[in-house]
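I have placed the structure first, in the form of structure tokens, so that the comments after it can refer back to it.
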Amino acid sequence: MCDICVMEAVKAKMLSRRDVFRGGLAAGVAASAAGLAATPAQADMHGTIRDMTHTYDDTFPTFFGVPGITMEQGFNFAESGFNLFNLTINEHTGTHIDAPLHFSEDGEAVDEIEVGNLIVPLCVIDIREKADGNPDAQVTPDDLMAWIEANGDIPDRACVAMHSGWGDKIAEPAYRGADDAGTLHFPGFHIEAAEMLLEQTSAAALAVDTLSLDHGPSADFATHYAWLPAGRYGIENLAGLDQVPEAGATLVVGAPKHRGGSGGPARIFALV
């Protein structure tokens, strides 16, 4: 049978199945109206779900200043009856994960991150006030201590997230903050804060609402080199931190699972 004939046959079957589905759906709605109770989705029990993921395309800011994704349409609905895009993606584009392998020779790849470390308590360290006047501001041990005094100990396997307010700058040059010499300027985690978390907590992840765990002008990526080789992971370009409390939310990290990857774009949301 020719390819066109096969496609037409498949489309005809799909249309037939769609009619059957619609009939079944109508019957289901009628049964529900007759008094059948629906079971609530598990996520509904948390009250609020917040999307923590930026939508990204080839205009989304990247660390190196070049597009992180290209999309080419391989098939379109008008001609083929379905849409399909071929993607070329830099792993560290948009809201994404830094796996331990990203800054170590033999650390865990993104597909090897323990699933128990992907559904974790969220701790939000708010440094917006000092970042507002200093794009090179960093989360310090004093910031962590202030959070602990206000909210209690950092929970086991938590994600500790910096809220600098940089998410509001996503469409502006200030998000990268590149100066005339090419140096970037945006907030990040100070190495001493990362070391404090490594030594005193079992936190699974660091997260930032900027392009890097290290602040923009870092020349040695000290926080990356301390945190990732220790078997912890990072999240960069996290969105929506102004929509969640400092403590009490649960972060769900939809990590990609391509074998041997150093990271990758992720769909992340918070249950509040």
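Since every read-out is calculated from the coordinates, none of them should be taken as a lab result. As the structure is a computational prediction, the values presented were derived from the model and not from experiment.
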Revision key, fill the gap. Here region 156-168 yields Karplus 3J(HN,Hα) values (6.51, -1.76, 1.60; θ = phi - 60°; whole Hz; Gly and Pro given as x) of 4, 6, 5, 9, 9, 10, 7, 10, 9, x, 5, x, 6
Point to revise | Cα-based Kirkwood hydrodynamic radius, region 173-272, one decimal, Å | key: 14.9 Å
Exercise for review: Tabulate in residue order the Karplus-calculated ³J(HN,Hα) for region 237-251, using 6.51 cos²θ - 1.76 cosθ + 1.60 with θ = phi - 60°, rounded to whole Hz; enter x for Gly and Pro.
Suggested key: 6, 5, 9, x, 5, 7, 9, 10, x, 4, 9, x, 7, 10, 9
Practice item. Convert 10 °C to kelvin, take the viscosity as 1.306 mPa s, use the Kirkwood radius over C-alpha pairs of region 42-164 as Rh, and evaluate the Stokes-Einstein diffusion coefficient in µm²/s, rounded to a whole number. Key: 86 µm²/s
Review point. Long-range amide H contacts for MET52: which residues qualify at under 5 Å (H placed 1.01 Å from N, peptide plane, sequence gap of 5 or more or a different chain)?
Key: ILE268, PHE269, ALA270
Study note, to complete from the structure: Check: C-alpha center region 100-136 vs C-alpha center region 45-83, spacing in Å is 22 Å
Revision key, fill the gap. Note, region 54-61: 3J(HN,Hα) by Karplus (6.51, -1.76, 1.60, θ = phi - 60°), whole Hz, Gly/Pro = x, goes 6, 6, 10, 8, 6, 9, 5, x
